[in-house]
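The numbers here are math on the coordinates, done by the rules we state, and not lab data. Predicted, not measured: the structure shown is a model, and the values here were computed from it. No Cβ is skipped: glycine too gets one built from the backbone with ideal geometry, and neighbour counts run over all protein chains shown.
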Amino acid sequence: MDVFVAIAIVAVVVLVAELLLPTGGVLSAIGALGLIAAGVVALTAEADSSASDWAGPGLITLGVLSLITAYFVGRKVWAAHKEQPIRAGHEELVGAEAEVRTSLDPEGQVWIEGALWRARLAGGGEPPRPGDRVRVEAVEGLTLVVASESPSPTASTEGAG
């Protein structure tokens, strides 16, 4: 096996590892530089192999394209992560929709993301009934502070008749 083939195989393995590991693009840069190095080795190799004549320029081209792709994709990923704050746990619930399970007068229960939570109505007004949708405004301990999002279906049919 030629040396440039071994270098190219290792470079491709490093590029595939970048897909599986959160390295922030470091492995993709190393893999792309490895492909370029394999191409240079192929071009400077003795003329023992006819494959080195076409493999060298091909590997260099593939390496350069990989570097360009890693640069543009990396910039987009970095910008997407930079603009949004990290939210986890209770913070994810703020802004989410929940379904009222027991009347919120002033406290009751809502169903959100597969769990039943204690909830308290954030303002005055008509308390939502079971089946209504509410939006989570805050989390205080194990109680969600919610605001009505839509009128109850029974209230809208009662007013129409």
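With θ taken as phi - 60° and the Karplus curve 6.51 cos²θ - 1.76 cosθ + 1.60 applied, the whole-hertz 3J(HN,Hα) list for the range 97-110 is 8, 9, 10, 6, 9, 10, 3, 8, 9, x, 10, x, 10, 10 Hz, x standing for glycine and proline.
In plain terms, the residue of Ile9, Ile30 with the fewest other Cβ atoms within 10 Å comes first and the most crowded comes last, giving Ile9, Ile30. Summarising the overall dimensions of the range 89-152 from its C-alpha atoms, the Rg and Dmax are 10.0, 30 angstrom. Remark on the chain: hydrodynamic radius 20.5 angstrom, per the Kirkwood mean of 1/r across alpha carbon pairs. For the chain, the longest piece that avoids every one of the GluC sites (Glu not before Pro) found in DSSP loops with at most 11 other C-beta atoms within 10 Å covers 47-112.
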